1. I'm trying to understand the selection: among the residues of the range 8-29, which are open to solvent by 80 Å² or more (accessible area, probe 1.4 Å) and in contact (Cβ under 8 Å) with a residue 60 or more places away in the chain?
2. Of the conditions (1) in contact (Cβ under 8 Å) with a residue 40 or more places away in the chain; (2) open to solvent by less than 60 Å² (accessible area, probe 1.4 Å); (3) not in a loop (DSSP other than H, G, I, E, B); (4) not hydrophobic (A, V, I, L, M, F, W, C), residue 124 clears all except one; give me its number.
3. For the range 165-199, give me the residue count where each residue is more than 24 Å from residue 109 (Cβ to Cβ) and either at pLDDT below 95 or not in a loop (DSSP other than H, G, I, E, B) (or both).
4. Only one of 117, 97, 143 is β-branched (Val, Ile, Thr), modelled with pLDDT under 95 and either closer than 23 Å to residue 161 by Cα or within 15 Å of the chain's Cα centre (by Cα) (or both); which?
5. Hey, any hits in the range 145-166 for a residue that's touching a helix residue (DSSP H, G or I) at 6+ places or on another chain (Cβ under 7 Å) and either open to solvent by less than 30 Å² (accessible area, probe 1.4 Å) or polar (S, T, N, Q) (or both)?
6. Please find, within the range 1-35, the residue that is modelled with the highest pLDDT out of those that are outside any helix (DSSP H, G or I) and not aliphatic (A, V, I, L, M).
7. Does at least one position in the range 36-43 carry a residue that is under 23 Å from residue 12 (Cβ atoms), open to solvent by 40 Å² or more (accessible area, probe 1.4 Å) and in a strand (DSSP E or B)?
8. What is the residue count in the range 78-90 for residues that are open to solvent by less than 10 Å² (accessible area, probe 1.4 Å) and either basic (Lys, Arg) or under 13 Å from residue 189 (Cα atoms) (or both)?
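The values are calculated or read from the model by the stated rules, or taken from the named source; none is laboratory data. All figures in this text were calculated on a predicted structure; none of them were measured in a lab. Note: ideal-geometry Cβ built from the backbone for every residue, glycine included; neighbour counts use all protein chains shown. When the accessible area is computed, the model is the full protein with side chains, heavy atoms only, and any ligands, DNA or RNA have been set aside. Shrake-Rupley method; radii C 1.70, N 1.55, O 1.52, S 1.80 Å.
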Amino acid sequence: MRLSELHPIFYHARIQQKVLFRFLANLKERKRFAVHKELATTFPFTCKKHQSLLRRTLGNSDPQLQENKITNLKIATSEINGVIIKPGQTFSFWQLVGKTTVKKGYIEGMQLSMGEVKTGVGGGICQLANLLYWMTLHTPLIVTERHHHSFDPFPDSGRTLPFGSGASVFYNYVDLRFYNPTSKSFQIKVWVTDKHLKGAIFANEEIPCSHHIEERNHQFLKSGGKNYRQNEIWRKTIDKGTGQMIQEELLIKNFSEVKYPIPHDLEIQ
């Protein structure tokens, strides 16, 4: 057993240590992060647009937590909206959003931590990280840091993306980062409407390729008295001019414990 698992004081001390280490590392690398924003203009070429529902049925969770999440998302999106990722720069979720504090207006929302559903100030903004990660997969931007939850907390309800295609964030060392290896600049726009979290990634020049994401080998299975879910996320890169596939790659291989009863109509291996 790890020392951080013996008592909460050790757990919180370990978190503070990781936060400090990441803060010091960020200081050394601060010049490479994308921070410049342009709100009045939008780049002319659309790479990817996406939206996700703000309110979904999430097991027996308190619906008020989803309303609180919307408040948190409005604050977080305002910190990211309009950011420009120039050639050679890296996007960092936490470098832009910063710590989610009550002083900034964040309130209690739902968080997933250590295999459990909990609440915490700023909870729910993982939905923004999910949106950003999904859109990034449809661009030439290279994901350099991405984390995912080790468990599946809720049954599918209103899910439009493949299982396991999201991103987990926890200030500041569990980050979402992607790098621009191209000679083009990219712009992110994200905003909240009455029903959706919406986003788009634009480029200042035409992108010659398109990217298509698909799920493969999805199944539920039982092992050691527990239920699990697994799948694979693949990406195809297509030349827009010829329509030919340039590359096919496995991006993610998921295997997570399921925390809810498996519906009877789903086959378990």
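1. Residues satisfying the conditions are 21, 23.
2. Just one mismatch for residue 124, condition (3).
3. Counting residues in the range 165-199 that are more than 24 Å from residue 109 (Cβ to Cβ) and either at pLDDT below 95 or not in a loop (DSSP other than H, G, I, E, B) (or both) gives 4.
4. Working: 97 fails: modelled with pLDDT under 95; 143 fails: modelled with pLDDT under 95.
Step by step, each of 117, 97, 143 is checked, and only 117 is β-branched (Val, Ile, Thr), modelled with pLDDT under 95 and either closer than 23 Å to residue 161 by Cα or within 15 Å of the chain's Cα centre (by Cα) (or both).
5. Here is the first cut: in the range 145-166, the ones touching a helix residue (DSSP H, G or I) at 6+ places or on another chain (Cβ under 7 Å) are 146, 161, 165-166.
Then keep just the ones that are either open to solvent by less than 30 Å² (accessible area, probe 1.4 Å) or polar (S, T, N, Q) (or both); that gives 165-166.
Within the range 145-166 (the criterion being touching a helix residue (DSSP H, G or I) at 6+ places or on another chain (Cβ under 7 Å) and either open to solvent by less than 30 Å² (accessible area, probe 1.4 Å) or polar (S, T, N, Q) (or both)), the answer is yes, since at least one residue qualifies.
6. This residue is 33.
7. So far as the range 36-43 goes, no, none of its residues is under 23 Å from residue 12 (Cβ atoms), open to solvent by 40 Å² or more (accessible area, probe 1.4 Å) and in a strand (DSSP E or B).
8. Matching residues across the range 78-90 total 5.
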